[in-house]
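Data first, discussion second: the structure below is written as structure tokens.
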Amino acid sequence: MFSMIKKPAARGIAVSACAALLLSGCGGVVKEDGKKADPAADLPDAEIVSPIAGMECKTDAEPTGDPIVVGGSLSLTGPLAPTATLHKAVGDLVVEWVNDCGGIDGRPLEWKVLDDQGAPATVTSNYERLIGDKVDFVMGPYGGAAALAGAGPVTRAGYAYPTATNGAPDKLIGENHFPSWHIGGGVEDPTKMFAAQAQTFVDAVKSGANPPKSVFYATSKFPTTLSYTASTKPALEDAGAKTVGDVEYDLGTTDFSSIAIRIQNADPDLVYVGGLGADITNLYQAFDAIGYTPKGIYVALPAPAAVQGLGDKADGLLLSSIYENHPPLGDTDVAKYFAKSYSEIAGKEKLFPLVETQAAAGFSAWQILLTGINEAGVDNKAVIDWLNGHDVETLVGTANFDGFNNYGSDFTRVAQIQDGKRVLVWPEDVAGAEIDEKP
Amino acid sequence: MNARIDRALAGNVGGIVGCAVLAIALVPTLGSDYVVAFGFQFVTWIALALSWSLFSGNSGYASFGHGVFFGVGTYATAAMLRHTDVPFVVVLVVAGVSAAVLAVIVGLAVFSSPRFAGDLFGLITLAMAFIVITVVSNLAFLDGGTGVFVREQAVGSWIGSSTGNLFIVGTLIAAGTALVALAASVSRWGAALRSIRDDEGVAESLGVPTYRYKVLTFAVSAGLAGLAGAPQAIFLGYVEVGAVFTLNIPLLVIMMTILGGITRWWGPLVGAASVVVVRELLLDIGSPELSQIILGAVFVLVIALLPHGISGSLPRSLTRRKAPATEGAHR
Amino acid sequence: MSVSSMALAQTLLNGALLGCLFGSIALGLSVKWGHLGVADFFHLSLTLLGAYVTYSLVSEQLWDPFLTLVVTVPAFFLIGVGVQWIFLALKAEAFTALLITFALFMVTESAVSMIWSPDLLNLRPMLADSFTTSLRLPEPLPQLAVQPVDLLALVCAVVMVGVSAFALGRTRSGRAVQAMRQDSEIAQTLGVRVVPLTLAVSGLAASTAAVAGMVVALRMPLSPSLPLQWIGAVVVATMLGGLGRPVGALVAAIVVMMIQNAWSLWFPPQWSPAVAFGVLFLFLAGGPAIRFVRESMTARRLA
Amino acid sequence: MSLLRCTGVTKRFGGVTALAEVDLEVNEGEIVGLVGPNGSGKTTLLSTIAGSLPVSAGTIEFAGRDITRSTPHHRAHAGISRTFQVPRPLPSFSVEENVATGCMFGRDSMGRTAALAKARTVLELVGLGEHAGSEVGKLTLHERKFLEIARAIALDPQLILLDEVLGGLNPSEAALGMELIASLRTRGMSVIYIEHNVRAVSTLADRMYVLNQGRNLAHGLPADVLDDPRVVEAYLGGPTDA
């Protein structure tokens, strides 16, 4: 019969364990100030305005007639759900906003979302279904694989295909594709798709007082992050930053302790984390475990809640971003109203309440689509033609659809957490503060 | 009696071929793009459920690795299209064979010891899934982590030109799988597998070469899943480890088979059809989480209320009505 | 000590402590699988549920995390009893039970996502600094650091595993459970009341998920799909440790995580997910070899 | 002529030795009885001959070939078939399908239809003809025991291993069974026959082997073996009244 522990030993362990539990219990585990501060608490109130340029907001007019239906597929369950839920919330918000403003040409806007559970095959059939149901327009899904999976039916049916964030960029979708932030935009040469993004980052770190001389790269096995690192590494090396370590890790890794130890041993000026989602939280957990504080750290695509959750530790953290809620981009009436109403809907959906990259890109994609409809009418071909010939003012800047694959110029920017706030630090025309690099 | 069996068999074969021909003739020409795309998914799931059941349903060795074989087929196709110019038929064969070879390797090892039956077999196939995922995401030849674009590799070829053509290939694969499943149900092969499920020791003592049957059937089952994975690569246009190798696939396939029942060869077919349609209908209720919960709850209820699945419960009454005739035929 | 051997020591220490957490999760699975014959994947979901409930009670009601156990442990006991009761009522075979637990796994993920949102939740910022700051080990190893939460994981794992092993090996009920595992009919004729005992074991196993869930909530950011990332380590630990053997599960979890961490330190970390399963395969392949050696050694001794 | 020869067969389970250097020989056309107290290793020996348990040491020859390392199905093809002490019908097969499986995969493999036809003649032979199409769950214990025999016969074996096929039957059923076993010889089969009921064995068997604690205790003609004082002592624990 099986028994590994002799009686007295078991008792001894039990007693000391209970003691340890009691001790740690008495020490107080939860902070006395309790609940976390709401980052959206000090948002100013804002007046409703038209969400797009060239449209008037008639708050007193009820929209009537047949609704203009926009269909979309999002990964509302499964691993991509956190971000997809956010895009769903943005869509809901925009629809309500437009209808509060009297609709488009007096017609109400409606939006119909199907869940694809993160399976690209389902994305394809969802768009086929929406098109079969004769939706008037479509909104792109979230994520590179999904965007490409949806592109087939959407393009075949001749629909305009606005997308928010899309990380599989070096292949064609077509002239009907209107990305608000196509990661890797801004180049003519498709082999250097991520060069603009890398250059922005290098310029950002060079603008500070102490550009890094040594960099450690840790990259998640995920298409976008791998491409990011692959382009940033040579750019940083050209700028004089020596590579002192380069590891890749499996997508979804939660235990970073060995990587943290490798970083500790290399002790670089900058830790470049090609990570996404909660990677940064787990990495900091591993840093905490060994009592290490990185000199400087950058993370590619962190979940906003993950960064927020780091608390004070996140101070000085650099991240890629296209938008943060501060002047000059955040100073417009549209931005203010969006920020206010987004914080409300995000609170309801238990999402991170501030507008940042994803929400801003999502909203901008809607702005692109709505501007097209407003200018060219309820007709996909006309919308496609109009958008291909004009620039669109969006929350994140002026979007244009020319160059390789309609990608337009690159919106990738660099943000930093300063005094607990997310602030763009590069490029200068949108920056809210200067980059702060510790010596 | 023999004539009766033969007639029933001919009827089944005719039914499968007829349905496939009808589907191929009608769906791509008459159906909307949505119907064709949905139809393609539909036949793919049918092929997956039937091929899973071919081995796991018949032999009782429940594999959680079916998604891997499907994914291996998808990735083999992506790699072939990227690195070679061979016709799609060859690609198809390579996809099927790659999955089958993987199954042979795993099968030769796993079935060599009676310890790896039951739960352990399931978990070893699950472990195989994790290892294959790691390998694919780290070999640049297959993927390397950045995903593989298939759409433009297939542009200009017959297979890449329309979803209708994918549907035709998918339907042929599903029909082929159904014929294999039917063949297994009426032949020595199926008898051998089912004797393994009932009592492997007895099967051996009756002269059934259980090891050979298990390895070969596992390979055939995997090969069929690999075949089903080939058109999927083109359908997706862009394949990515995270999206191709999801645990959802084996789970759904098992669910379909259990739901449909394994006592009839067409049970998994019914199960696949019901699950696919129910999932599609649940898209309309507007709460994706709720639809997942409903799906899970329905599954639990089915296990509780219909332990033999739909096929095992519904037509039993039909059989019973026919029973006297059968008895008569015996005497 | 050189830097690199220090680094190795640290990474092994971290691996061992994380192994304690996975061992606590594997404990319940091992007991249910080994003694009740149910490979219960729902146990992982329960752990997640425990973590989320802890999160809510701590972050919204400002409860002490340990106080949450007063609620979660009995609640989970009832859930464990309930699930097992369903299996008994259905006379579910092992495979059917496995499928049901998978369905529940799916349902829980969606339910958690519905109730708590699919976004990340992190309790850490709400924890006192004394609890999140890592401690240096006393001399002679001051370079090594541990986190208080990892020590908590260690204590919880040791207590739960120790109590389980003691209860299984040394108490009357424990022996009855073991007898039941051998042959439930014979056990029944020997006066073991199989049904209540089965329900109780299931309930207790589920209770351990409440404790493990509390540690999870304190240790890592929560997301509904987290259990999928545990399956590998937990299942491997359960199988390596020997089904139904609490100490085995804990030791195996610790060893596997140590190996995985050491691998990630020396070799490309992107291969580390395959390491745990590689270890499992080696062990399974080595099993017959070990048995052969043992048998021939006994033979020699007997001869 | 010797059909089966076991030499020094030893089987250990971990540290427990279930069989220690057991020798056994069966000639063609012979019915050999194998008896011994509970736990003496009879069924274990049967399993090593059928191949479901690998031996730890020793050799097993069948029809002149060494089959020590052969798999059970190889031995079934070579001409050894067995029954199980506790009947193990294949539950999802009908009675005739159970038997047909043996025909299909036995020595002359045949197709389904031929196998079903043959199965019905075998079932007639053992008196289960009218149950051919029934589910096995509906059979009584004695019918299951006869189904075990039918299934073993269906393989057309040269050697058939019968493990307590008459245990638990009432006298008239047992008499039928003994008749059936005796008829196997006329069908060209040799038999190893394990039975707890020594009388049944001694009336049927040409020769008998006695095992005790996994070792050969005695063998020879039934009458001699039953008179052997060691057998009386070890097996019966006193003078036999059988």
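Taking the range A:71-163 and the helices (runs of 4 or more DSSP H) fully enclosed by it, the elements with 3 or more residues that are away from every other protein chain (no Cβ under 14 Å) and not charged (D, E, K, R) are at A:81-100. Within the range A:384-425, the residues that satisfy the criterion of being in a helix (DSSP H, G or I) and within 12 Å of residue A:372 (Cα to Cα) are A:384, A:385, A:386, A:387, A:388, A:389. Filtering D:173, D:195, D:148, D:164 for residues that are touching a residue at least 24 places away in the same chain (Cβ under 8 Å), on the phi > 0 side of the Ramachandran plot and among the charged types (D, E, K, R) leaves a single hit, D:164.
Restricted to the range B:67-105, and to residues there that are over 9 Å from residue B:226 (Cα atoms) and polar (S, T, N, Q), the residue that is surrounded by the fewest Cβ atoms within 10 Å (Cβ to Cβ) is B:84. Considering the range D:45-79, the residues that are more than 9 Å from every other protein chain (Cβ to nearest Cβ) and among the β-branched types (Val, Ile, Thr) include one that is farthest from residue B:209 (Cα to Cα), namely D:59. Test residue A:369 against the criterion of being crowded, with 24+ Cβ neighbours inside 10 Å, among the aliphatic types (A, V, I, L, M) and farther than 21 Å from residue A:205 by Cα, and give yes or no. Spelling it out, residue A:369 is indeed crowded, with 24+ Cβ neighbours inside 10 Å, among the aliphatic types (A, V, I, L, M) and farther than 21 Å from residue A:205 by Cα. The residue of the range C:255-276 that is farthest from residue C:15 (Cα to Cα), among those that are surrounded by fewer than 24 Cβ atoms within 10 Å (Cβ to Cβ) and β-branched (Val, Ile, Thr), is C:275. Do we find that residue C:164 is under 23 Å from residue C:42 (Cα atoms) and surrounded by 15 or more Cβ atoms within 10 Å (Cβ to Cβ) in this structure? Here the answer is yes, as residue C:164 does meet what is asked.
When D:147, D:141 are checked against the criterion of being within 19 Å of the chain's Cα centre (by Cα) and modelled with pLDDT under 90, D:141 stands alone in meeting it. With the checklist (1) surrounded by fewer than 19 Cβ atoms within 10 Å (Cβ to Cβ); (2) of a type outside the set (A, V, I, L, M); (3) without any contact (Cβ under 8 Å) to a residue 60 or more places away in the chain in hand, flag the one item residue A:92 doesn't pass. Among (1) surrounded by fewer than 19 Cβ atoms within 10 Å (Cβ to Cβ); (2) of a type outside the set (A, V, I, L, M); (3) without any contact (Cβ under 8 Å) to a residue 60 or more places away in the chain, the lone unmet condition for residue A:92 is (3). Out of the residues in the range B:193-205 that are of a type outside the set (D, E, K, R) and at the interface with chain D (Cβ under 7 Å from one of its Cβ atoms), which is surrounded by the fewest Cβ atoms within 10 Å (Cβ to Cβ)? This residue is B:201.
Going by the structure shown, is residue C:114 modelled with pLDDT under 90, in a helix (DSSP H, G or I) and crowded, with 21+ Cβ neighbours inside 10 Å? Answer is no for this residue.
Let's see how each residue does on (1) in a helix (DSSP H, G or I); (2) of a type in the set (S, T, N, Q); (3) under 18 Å from the mean Cα position of the chain (by Cα):
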| site | (1), (2), (3) |
| --- | --- |
| C:243 | no, no, yes |
| C:258 | yes, no, yes |
| C:264 | yes, yes, no |
| C:271 | yes, no, no |
| C:284 | yes, no, no |
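Of all the residues in the range D:178-202, those that are small (Gly, Ala, Ser) and touching a strand residue (DSSP E or B) at 6+ places or on another chain (Cβ under 9 Å) number 4.
Yes or no, residue by residue, for (1) part of a helix (DSSP H, G or I); (2) closer than 30 Å to residue A:307 by Cβ; (3) hydrophobic (A, V, I, L, M, F, W, C):
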| site | (1), (2), (3) |
| --- | --- |
| C:166 | yes, no, yes |
| C:173 | yes, no, no |
| C:178 | yes, no, no |
| C:188 | yes, no, no |
| C:192 | no, no, yes |
| C:197 | yes, no, yes |
| C:202 | yes, no, no |
| C:227 | yes, yes, no |
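Quick check on this structure: which one of A:377, A:403, A:420, A:408 is at pLDDT below 90 and touching a helix residue (DSSP H, G or I) at 6+ places or on another chain (Cβ under 9 Å)? One residue alone meets the criteria, A:420.
Of the listed requirements (1) facing chain A (nearest Cβ under 10 Å); (2) in contact (Cβ under 8 Å) with a residue 40 or more places away in the chain; (3) part of a helix (DSSP H, G or I), residue C:119 misses just one: (3).
Before we move on, is residue A:350 within 18 Å of the chain's Cα centre (by Cα), of a type in the set (Lys, Arg) and assigned by the TED database to the domain that holds residue A:162? Considered against the rule, which asks whether it is within 18 Å of the chain's Cα centre (by Cα), of a type in the set (Lys, Arg) and assigned by the TED database to the domain that holds residue A:162, residue A:350 comes out as yes. Take the conditions buried (at least 23 other Cβ atoms within 10 Å of the Cβ), touching a Gly at 6+ places or on another chain (Cβ under 8 Å), at negative phi and in a loop (DSSP other than H, G, I, E, B) and apply them to residue A:64. Does it pass? No; evaluated as a whole, the condition is false for this residue.
Within the bounds of the range B:315-331, is there any residue that is modelled with pLDDT under 80, surrounded by 15 or more Cβ atoms within 10 Å (Cβ to Cβ) and not assigned by TED's automatic domain parsing to the domain that holds residue B:62? Yes, the conditions are met somewhere in the range B:315-331. Please determine whether any residue of the range B:26-38 is part of a helix (DSSP H, G or I) and closer than 25 Å to residue B:183 by Cβ. Checked the range B:26-38: no residue is part of a helix (DSSP H, G or I) and closer than 25 Å to residue B:183 by Cβ.
Tell me, please, whether a residue that is within 20 Å of residue C:242 (Cβ to Cβ), buried (at least 19 other Cβ atoms within 10 Å of the Cβ) and out of contact with any strand residue (DSSP E or B) (no Cβ under 6 Å at 6 or more places or on another chain) can be found in the range C:129-142. Looking for residues that are within 20 Å of residue C:242 (Cβ to Cβ), buried (at least 19 other Cβ atoms within 10 Å of the Cβ) and out of contact with any strand residue (DSSP E or B) (no Cβ under 6 Å at 6 or more places or on another chain), one finds none in the range C:129-142, hence no.
Looking at the range A:256-369, the strands (runs of 3 or more DSSP E) lying wholly inside it that each contain 2 or more residues that are polar (S, T, N, Q) and under 27 Å from residue A:232 (Cα atoms) sit at A:318-321.
On the given criteria, is residue C:4 within 24 Å of residue C:202 (Cα to Cα), within 13 Å of chain A (Cβ to nearest Cβ) and not basic (Lys, Arg)? Against the criterion (within 24 Å of residue C:202 (Cα to Cα), within 13 Å of chain A (Cβ to nearest Cβ) and not basic (Lys, Arg)), residue C:4 does not qualify. Of all residues in the range D:124-135, those satisfying the criterion of being crowded, with 16+ Cβ neighbours inside 10 Å and over 21 Å from the mean Cα position of the chain (by Cα) are D:129, D:131, D:132, D:133.
In the range B:92-105, the residues that are farther than 21 Å from residue B:234 by Cβ form Cβ pairs under 6 Å with partners that are at pLDDT 95 or above and of a type in the set (Phe, Trp, Tyr), at six or more places apart or across chains, as follows: B:103/B:218.
Of the residues A:361, A:303, A:346, the single one that is buried (at least 21 other Cβ atoms within 10 Å of the Cβ) and more than 14 Å from every other protein chain (Cβ to nearest Cβ) is A:361. Out of curiosity, is residue A:184 modelled with pLDDT under 85, more than 27 Å from residue B:34 (Cβ to Cβ) and touching a Ser or Thr at 6+ places or on another chain (Cβ under 8 Å)? Considered against the rule, which asks whether it is modelled with pLDDT under 85, more than 27 Å from residue B:34 (Cβ to Cβ) and touching a Ser or Thr at 6+ places or on another chain (Cβ under 8 Å), residue A:184 comes out as yes.
Are any of the residues in the range B:272-291 among the hydrophobic types (A, V, I, L, M, F, W, C), surrounded by fewer than 21 Cβ atoms within 10 Å (Cβ to Cβ), touching a residue at least 60 places away in the same chain (Cβ under 8 Å) and outside any helix (DSSP H, G or I)? Checking the range B:272-291: not a single residue is among the hydrophobic types (A, V, I, L, M, F, W, C), surrounded by fewer than 21 Cβ atoms within 10 Å (Cβ to Cβ), touching a residue at least 60 places away in the same chain (Cβ under 8 Å) and outside any helix (DSSP H, G or I).
The values are calculated or read from the model by the stated rules, or taken from the named source; none is laboratory data. Everything numeric in this text was worked out from a predicted model, so none of it was measured. Reconstructed Cβ throughout: ideal geometry from the backbone, glycine too, with neighbour counts over all protein chains shown.
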